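To keep things clear, I will list the structure first and then write my remarks on it.
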C-alpha cells in the first residue's frame, strides 16, 4: 500500500486529496478506509492528558481478491475544526490521516498514518490571524 497526498497543510473547508495504490494479494476482498482524527494534548505539572476524536471517516470501494487498484478519495476538512496548534507549552492540537485496509478476520489491519496541518480559512500567507477568542 502506497499513500500520497498533495501536501501536508490544508485550510478549513479545503479538499484533502488522497491517492492510494493498493495491491490485494490476499484471497479476500478488502475495503480501504480513510480517517482524519484530532489529537489534543494538555500539559500541566509534569503530566500529560491526551484525547483523540474522529473528524472524518469514509470508506472506499471494495477491492477484489488478487488485484491491484489505485483509489482516489477527497475528504473535505470541516470549517468547524480548530486549526493545528503546535507552538503552545500547555496545549497541542494535531491532526493525523489514517488510511487502513479493512480485511475480514485479520488480526491487525495494515495502516499508514500521515500528519496533516490545518490552517484557519481566514488566514492569508504572511498574515497572522488570532484563533482565540472565536468571533
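What follows draws every value from the coordinates through simple rules; no lab data is involved. Since this is a predicted model, take the numbers as computed values, not measurements. Virtual Cβ from ideal backbone geometry, glycine too; neighbours counted across all protein chains shown.
Note that the chain carries a Kirkwood radius of 16.6 Å, evaluated over its alpha carbons pair by pair.
Here's the picture: a label point sits 7 Å out from the Cα of residue 114 along the beta-carbon direction, and within the stretch 6-34 the residues with their amide nitrogen under 20 Å of it are 6-24, 31-34. Checking the a/c ratio against 1.5 first, then a/b against b/c, what shape does the Cα gyration tensor give for the stretch 1-63? Because a/c hits 1.5 or more and a/b exceeds b/c, the stretch 1-63 counts as prolate.
Each of 33, 108, 57 was scored by other Cβ atoms within 10 Å of its Cβ. Listed from fewest to most, they are 108, 57, 33. Let me have the relative contact order for the stretch 1-111, percent, based on Cα pairs under 8 Å that are six or more residues apart. The normalised contact order for the stretch 1-111 reaches 34 percent. Among 34, 105, a tally of other beta-carbon atoms within 10 Å of each Cβ gives an order, fewest to most, of 105, 34.
In this simple spin-label approximation, residue 98 and residue 31 carry label points 7 Å from Cα along the Cα→Cβ vector, and these lie 1.6 nm apart.
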